[in-house]
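Q: Could you have a look at this structure, given as structure tokens, before my questions?
Since every read-out is calculated from the coordinates, none of them should be taken as a lab result. Note that this is a predicted model, so its numbers are computed, not measured.
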Amino acid sequence: MGKDKKRYVVQMDMYVYADNDYMARKYSHELVKKLDEEKFNTSANVTEIGEQPFASLDYRKLEDHSEPRGPKGDEPLPF
């Protein structure tokens, strides 16, 4: 980054549609990687994931919002 650029902090919320908690985690971390791989160099981070049905005030926070890994921790996922 050039010295003429200012650095800003941006917090974002977005909806991710998935079949289950695991896939919600997977999609969330894929978005973070995509932002970092492109020109943005965001140092983005997933800080929380929760389920909130459409038009509902109910919210269920996922206890584990870490990136899903293969069985040995470093293997690619099977899909």
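Q: Taking the 0 to 90 degree range and rounding to the nearest ten, how far is the long axis of helix 21-37 tilted relative to the main principal axis of the chain, both from C-alpha atoms?
A: So the helix axis and the longest Cα principal axis differ by about 10 degrees.
Q: Per-residue HN-Hα couplings for the stretch 52-67, Karplus 6.51 cos²θ - 1.76 cosθ + 1.60 at θ = phi - 60°, whole Hz, x for Gly and Pro?
A: Along the stretch 52-67, the couplings run 9, x, 4, 6, 10, 8, 5, 8, 10, 7, 6, 5, 10, 10, 6, 6 Hz.
Q: So what is the calculated 222 nm ellipticity per residue for the chain, using -39500 (n - 2.57) for each DSSP H run with n of 4 or more, over all residues, to the nearest 500 deg cm²/dmol? Please report the intermediate quantities before stating the final value.
A: Details: 1 runs with 17 residues, N = 79.
Calculated at 222 nm, the ellipticity per residue is -7000 deg cm²/dmol.
Q: If amide hydrogens are placed 1.01 Å from N in the peptide plane, which non-local residues have theirs closer than 5 Å to the one on Glu51?
A: Placed amide hydrogens put Arg60, Lys61, Leu62 under 5 Å from Glu51.
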